[in-house]
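See below for the structure under consideration.
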Amino acid sequence: MDTLEQLCRIDGVSGYEGNVAELMRKELKKSCDEILTDRFGNVIGRKGKGKKKIMLAAHMDEIGLLVKHISKEGFLSFVKVGGIDDRILLDQRVVIKAKKGDVVGIIGAKPPHLQKSEDMKKVIKHEDLFIDVGAANKKAAEKLVEVGDPVIFEPCYGKLGKDLRYGKAVDNRVGCHILLEVMKQIPKNIDATVYAVGSAQEEVGLKGARVAAFKLDPDYALALDTTTAGDTPGVKETESALKIGKGPAITIMEAGGRGVITHPKVKDVIMKAAKRKKVPTQIDILEGGMTDAAIIYLTREGIPSGVISIATRYIHGSSSVFSLSDVENAIKLTIETVKSL
Ligand code: ZN
C-alpha cells in the first residue's frame with residue numbers, strides 16, 4: 001500500500017485526526033529539519049531556514065459522523081460532522097472508531113416496501129436514519145460503542161480506468177500526499193523557511209489553519225486541497241468547467257468572495273511557475289466552498305495566499321474520484337511556486 005492509499009484509508013473525522021497526524025508526523029520526519037506541534041492538533045514540519053516564510057497547508061480531517069444516541073433496540077442515531085448530503089447516507093457501510101476497536105455498521109432506514117408512495121419520493125433525512133451494528137439491544141450496543149464515537153465511511157481505495165483512482169477521504173488526503181511529496185522534493189538548501197502544516201478541523205470551520213497561521217506568521221501561504229469537478233452528466237460548463245485529468249486547479253475566488261480572493265502576486269507566481277514547468281492548469285472560481293486559505297489570508301495583518309487543488313468527482317462522498325496525473329502535476333507546480341515566491 002503506498003502512502004496515498006494509506007492516507008485515504010486512515011480515519012480522521014474533524015476533531016479526531018490523531019491517526020492521520022501520526023502518519024503525517026512520521027512521513028514529515030523523513031524530509032523536514034524539524035517537527036513542531038501545537039495545542040490544537042496540527043502537525044507542522046519545517047524545512048530550510050531562509051528569511052522568507054512560506055506556509056503550505058493541507059487539512060488532515062475528513063467529513064464523517066458522530067454517534068449521538070443509542071436506542072433501546074440497539075440502533076445508533078448520529079450527527080453529521082462537516083458537509084454531507086443526506087442522499088448519500090442510506091445503505092452506506094461505516095466504521096465506528098470505538099475505544100475498544102473498530103465496529104462495522106450499516107446505515108439503514110424504514111424499508112421501502114413499508115413506506116407510503118409519497119414518502120418514497122422524499123430524501124430520508126439523516127435524523128431518520130440509523131446505524132445498525134448488529135446489537136440485540138442498548139446494553140449489547142454499549143458493549144461495542146459509546147455516544148460520542150466518531151464514524152467514518154468504510155475505507156476504500158482503488159483504480160478506475162488508467163489514470164483515475166477512487167477512495168474514502170480523498171478530500172483532503174490527496175492534499176496531504178501532495179504536501180508530503182513537496183517537502184520530500186524541495187531542496188534542503190532552499191532560501192526560505194517552508195512550513196508544511198497538516199491542519200485539523202478544516203471541514204468544520206477552517207479552525208486548525210487559523211491557529212497555525214497565527215503561530216507561524218508566514219509571508220505567503222498556499223492551501224493544497226481538493227475542489228469540485230464539473231465533468232459529470234448534468235453539470236453545465238457555466239456551473240463548473242473543471243475536469244479531472246486536466247491539471248491542478250488554481251483558485252481565483254472562493255464562495256463568491258466570502259472565501260479567499262487569491263492575492264494577484266501569488267496567482268502570478270503560480271501561473272508563471274506552471275508555464276515554466278509546462279504544467280496544465282485550470283482556473284477555479286467557486287460560488288460555494290472554501291479552503292484553509294480563506295482563513296490564513298485573514299490572519300494578523302493579512303497573508304498573501306493562494307490555493308492549488310485537485311478536481312474531484314463525488315467530493316464529500318464515500319468514494320471520490322481523482323486523477324493521479326493531476327496529483328503529479330500539482331506536486332511539480334507547488335515546488336516550482338515555493339521556489340519562486
Ligand atoms: Zn477539503
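What follows is calculated from the coordinates using simple rules that are stated; it is not laboratory data. Worth saying up front: this structure is predicted, and the values here are computed from it rather than measured. In this analysis, Cβ positions are derived from the backbone assuming ideal geometry, glycine residues included, and neighbour counts consider all displayed protein chains.
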Exercise for review: Only Cα pairs under 8 Å and at least 6 apart count here; give the relative contact order of the stretch 218-309 as a rounded whole percent.
Suggested key: 43 percent
Review point. For the chain, what is the mean residue ellipticity at 222 nm derived from helices alone (per DSSP H run of n ≥ 4: -39500 (n - 2.57); sum divided by total residues; nearest 500 deg cm²/dmol)?
Key: -8000 deg cm²/dmol
Review point. Using 0.36 nm per residue, how much length does the chain from Lys122 to Lys275 gain when fully extended, once their Cα-Cα distance is taken away?
Key: 50.2 nm
Study note, to complete from the structure: Quick calc: nm separation of the 7 Å Cα→Cβ label points for Asp191 and Asp268 -> 1.9 nm
Study note, to complete from the structure: The long-range amide H neighbours of Ala311, using H built 1.01 Å from N in the peptide plane and a cut-off of under 5 Å, are Thr227, Ala249
Point to revise | Sequence-separation-based contact order of the chain, relative, with Cα cut under 8 Å and 6+ spacing, percent | key: 23 percent
Practice item. Scan the chain and report its longest stretch carrying no GluC sites (Glu not before Pro) that are both in a DSSP loop and have at most 11 other Cβ atoms within 10 Å. Key: 1-236
Review point. R0 = 25 Å: FRET efficiency of Cys156 with Val204, Cβ-based, nearest 0.05?
Key: 0.60
Check your understanding: From the square roots a ≥ b ≥ c of the eigenvalues of the alpha-carbon gyration tensor of the stretch 190-309, which class results: rounded (a/c under 1.5), prolate (a/b over b/c), or oblate?
Key -> oblate
Study note, to complete from the structure: On the formula 1/(1 + (r/R0)^6), with r taken between the Cβ atoms of Lys139 and Glu237 and R0 of 45 Å, the FRET efficiency rounded to 0.05 is 0.20
Practice item. Under a cut-off of 21 Å between alpha-carbon atoms, report the lysines in cross-link reach of Lys246, not counting same-chain residues fewer than 8 places apart. Key: Lys159, Lys162, Lys236, Lys267, Lys272, Lys275, Lys277, Lys278, Lys332
Review point. Taking amide hydrogens as modeled 1.01 Å from N in the peptide plane, which residues meet the under 5 Å criterion relative to Leu222, leaving out close sequence neighbours?
Key: Met55, Leu56, Ala57, Gly306
Review point. Tally Lys/Arg at +1 and Asp/Glu at -1 over every other residue whose Cβ is under 14 Å from the Cβ of Ile96; what's the total?
Key: -1
Point to revise | Spatial separation of Cα centroids for the stretch 1-65 and the stretch 138-214, in angstrom | key: 7 Å
Point to revise | Residues listed by number, the stretch 46-75, amide nitrogen under 13 Å from Val147 label point at 7 Å toward C-beta | key: 67-72
**Study point:** Acute angle (nearest 10 degrees) that the helix 207-216 long axis makes with the longest principal axis of the chain, alpha-carbon atoms
**Key:** 30 degrees
Revision key, fill the gap. Treating only Lys and Arg (+1) and Asp and Glu (-1) as charged, each at its beta carbon, one finds that the chain has a dipole about its Cα centre, in Debye to the nearest 20, of 840 debye
Review point. What is the gain in length, in nm to one decimal, between Arg258 and Asp102 on full extension, counting 0.36 nm per residue of separation less the C-alpha to C-alpha distance?
Key: 52.3 nm
